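Chemist: First the structure, which I've put down as structure tokens, then a few questions once you've had a look.
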Ligand code: NAD
């Protein structure tokens, strides 16, 4: 299937092209990037990379299309999103294969999670836009919420389709036109997404895709004078560079960046549920989630029990070939990520954290591919690198506390503030702790995912919010029209 996916994209000429103004065109840029299968470390295809010149053409097309798309009816925008949603679901298997190949997600996980949750962002945008109050009144002043303009959307490789839909859905719903620059490391799902947009009948110029590298295509988008807003999901490092490049043209910048999310296990928590749930959440998507709760903060007197249960949970994971339906965890997505995770496991050992399971190197029997051993450290000091820095791999740090106040202090003691979890049976106590944690989301006792819940960061995890109503509002300007409601003179 992987081979046929590449053959299909090749024979359609997609790998050589980008999507501008409703057409698949050859980029002006001459660059090429290899797509490496992380399970074999072998290249499987090459894609053409765009350049600043391609960004300029895409922005121009988006600017032209903005004139009509921004004043189209919300119902017609909802109708387009409805078709996009249906097509993603119809082509779900193709998307799952693409994601599994480009970033190593286990095929079962890609099918059950990566693709369906991505489709949800389109559905939610469709559902919200039809009834959104684009015009409200305050006295005789009308408050109009208008599309902000041309938006540059820059996305990462870890949840490749999901990050795209979380931006494209609400941006289009708001009446904006977009230029998408997906991660150069995960372009296959993005190319399939552009096909969906085309087949759903997106008007020319409303959606454009320029593949390319961050410092070239991403930077060109961020600094382009005719781009009104830039939304980036990626590392804090890239988010800062984008904000700097955007500053001279005073465009709005929305940043969804890194995290080091805490999971506070309160003294009354049911460990049999709280600990395996925490391991699963930390290692989901092989730990490559910005909001992964990678710091488990536990009562000191229950440390030994927590370690035992956590290890049991980690050893139940099936790490291996992402194509096998039995696999729960494939490799990490690329060599840089593999090296980073290995380095951080080494740092944990060097700083004196106690390895309770996993460790350096590949899992036994997996000599090739970017496979990592699910690794748990205990006795972690909150100031160690493994407790402070985002690792973006299956590495969990268990940190002990002596009082709930101290647990909250540790939870808040990083530069990040994206996700957080609290576990406890006394809900009033859990809510009180949730209120004291400085982050954009807090989950109490592993609730079901809610695609309407706003998502975004405090502190250096970013600014702005995605998903649901807040996600749509990100792409709107506010205009006050004073005197709107005055009486018409007779
Ligand atoms: P990355 O920062 O390397 O790249 C993200 C995107 O930014 C890519 O498209 C890349 O090409 C682009 N980019 C890089 N340098 C750029 C520059 N100078 N100018 C413009 N664009 C540039 O991140 P990644 O490795 O793809 O993804 C992992 C990171 O993303 C992690 O830090 C993770 O926490 C973060 N992330 C955050 C969220 C969130 O919602 N907060 C979600 C997923 C991932």
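Chemist: Could you list, in sequence order, all residues of the range 226-254 that are more than 8 Å from the ligand (Cβ to nearest atom) and in a strand (DSSP E or B)?
Modeler: 229, 230, 231, 252, 253, 254
Chemist: Does any residue of the range 472-485 turn out to be at pLDDT 95 or above and within 14 Å of the chain's Cα centre (by Cα)?
Modeler: No.
Chemist: Related question: Condition test on residue 348, is it crowded, with 21+ Cβ neighbours inside 10 Å and touching a strand residue (DSSP E or B) at 6+ places or on another chain (Cβ under 6 Å)?
Modeler: Spelling it out, residue 348 is indeed crowded, with 21+ Cβ neighbours inside 10 Å and touching a strand residue (DSSP E or B) at 6+ places or on another chain (Cβ under 6 Å).
Chemist: So if I check each of 62, 33, which one is touching a strand residue (DSSP E or B) at 6+ places or on another chain (Cβ under 6 Å), buried (at least 23 other Cβ atoms within 10 Å of the Cβ) and modelled with pLDDT of 95 or more?
Modeler: Among 62, 33, only 62 is touching a strand residue (DSSP E or B) at 6+ places or on another chain (Cβ under 6 Å), buried (at least 23 other Cβ atoms within 10 Å of the Cβ) and modelled with pLDDT of 95 or more.
Chemist: Does the range 176-184 contain any residue that is away from the ligand (no atom under 16 Å from the Cβ) and either surrounded by 24 or more Cβ atoms within 10 Å (Cβ to Cβ) or touching a residue at least 40 places away in the same chain (Cβ under 8 Å) (or both)?
Modeler: yes
Chemist: If you don't mind, another one. Any idea how many residues of the range 459-486 are part of a strand (DSSP E or B) and surrounded by 17 or more Cβ atoms within 10 Å (Cβ to Cβ)?
Modeler: Final tally of qualifying residues: 5.
Chemist: Give me the pairs, please: first residue somewhere in the range 379-398 and assigned by TED's automatic domain parsing to the domain that holds residue 318 and within 15 Å of the ligand (Cβ to nearest atom), second residue anywhere and at pLDDT 95 or above and assigned to a loop (DSSP other than H, G, I, E, B), beta-carbon distance under 6 Å, and either six or more positions apart or on two chains.
Modeler: Note: pairs meeting the criteria are 388/414; 390/258; 390/260; 392/288; 393/332; 393/372; 394/372; 394/374.
Chemist: What residue, of 152, 104, is at positive phi, in contact with a helix residue (DSSP H, G or I) (Cβ under 9 Å, 6 or more places away or on another chain) and within 16 Å of the ligand (Cβ to nearest atom)?
Modeler: 104
Chemist: For the range 289-318: of the residues being out of contact with any helix residue (DSSP H, G or I) (no Cβ under 7 Å at 6 or more places or on another chain) and within 16 Å of the ligand (Cβ to nearest atom), which is nearest to residue 110 (Cα to Cα)?
Modeler: 289
Chemist: Evaluate the following for residue 142: is it within 30 Å of residue 237 (Cα to Cα) and in contact (Cβ under 8 Å) with a residue 12 or more places away in the chain?
Modeler: Answer is no for this residue.
Chemist: With 337, 326, 288, 342 as the choices, which residue is surrounded by fewer than 23 Cβ atoms within 10 Å (Cβ to Cβ), under 24 Å from the mean Cα position of the chain (by Cα) and modelled with pLDDT of 95 or more?
Modeler: 342
Chemist: Based on what the data block shows, is residue 217 part of a helix (DSSP H, G or I), within 20 Å of the chain's Cα centre (by Cα), away from the ligand (no atom under 15 Å from the Cβ) and assigned by TED's automatic domain parsing to the domain that holds residue 92?
Modeler: So residue 217 does not fit the description; no.
Chemist: In the set 59, 71, which member is touching a residue at least 40 places away in the same chain (Cβ under 8 Å), in the same structural domain as residue 121 (by TED's automatic domain parsing) and assigned to a helix (DSSP H, G or I)?
Modeler: Criteria check complete, one pass: 59.
Chemist: Next question, about the same structure. What are the residues in the range 117-144 that are out of contact with any helix residue (DSSP H, G or I) (no Cβ under 7 Å at 6 or more places or on another chain) and either crowded, with 18+ Cβ neighbours inside 10 Å or under 14 Å from residue 468 (Cα atoms) (or both), if any?
Modeler: Correct list: 120, 127, 131.
Chemist: Scan the range 418-448 residue by residue and report those that are over 24 Å from residue 113 (Cα atoms), touching a residue at least 24 places away in the same chain (Cβ under 8 Å), touching a strand residue (DSSP E or B) at 6+ places or on another chain (Cβ under 7 Å) and outside any loop (DSSP other than H, G, I, E, B).
Modeler: The answer is 430, 433.
Chemist: Examine the range 90-98 for a residue that is modelled with pLDDT of 95 or more and over 30 Å from residue 338 (Cα atoms), and state whether such a residue exists.
Modeler: Yes, the range 90-98 contains at least one residue that is modelled with pLDDT of 95 or more and over 30 Å from residue 338 (Cα atoms).
Chemist: Here is a check on your reading of the model: is residue 376 at negative phi, assigned to a strand (DSSP E or B) and buried (at least 17 other Cβ atoms within 10 Å of the Cβ)?
Modeler: Considered against the rule, which asks whether it is at negative phi, assigned to a strand (DSSP E or B) and buried (at least 17 other Cβ atoms within 10 Å of the Cβ), residue 376 comes out as yes.
Chemist: Among the residues of the range 255-276 satisfying the criterion of being over 15 Å from the mean Cα position of the chain (by Cα) and part of a strand (DSSP E or B), which is farthest from the ligand (Cβ to nearest atom)?
Modeler: Here the answer is 265.
Chemist: crowded, with 22+ Cβ neighbours inside 10 Å, in a loop (DSSP other than H, G, I, E, B) and more than 16 Å from the ligand (Cβ to nearest atom), is that true of residue 205?
Modeler: Yes; evaluated as a whole, the condition is true for this residue.
Chemist: As an exercise: evaluate residue 321 against (1) within 16 Å of the ligand (Cβ to nearest atom); (2) under 18 Å from residue 97 (Cβ atoms) and give the number of the one condition it does not meet.
Modeler: (1)
Chemist: Sticking with this structure for a sec: Assuming residue 189 fulfils every condition listed in (1) in contact with a strand residue (DSSP E or B) (Cβ under 9 Å, 6 or more places away or on another chain); (2) surrounded by 24 or more Cβ atoms within 10 Å (Cβ to Cβ) apart from one, which condition is it?
Modeler: Unmet condition: (1).
The values are calculated or read from the model by the stated rules, or taken from the named source; none is laboratory data. The structure presented is a predicted model; accordingly, all values stated were derived computationally and were not measured. All Cβ positions, even for glycine, are placed from backbone atoms using ideal geometry, and neighbour counts span all protein chains on display.
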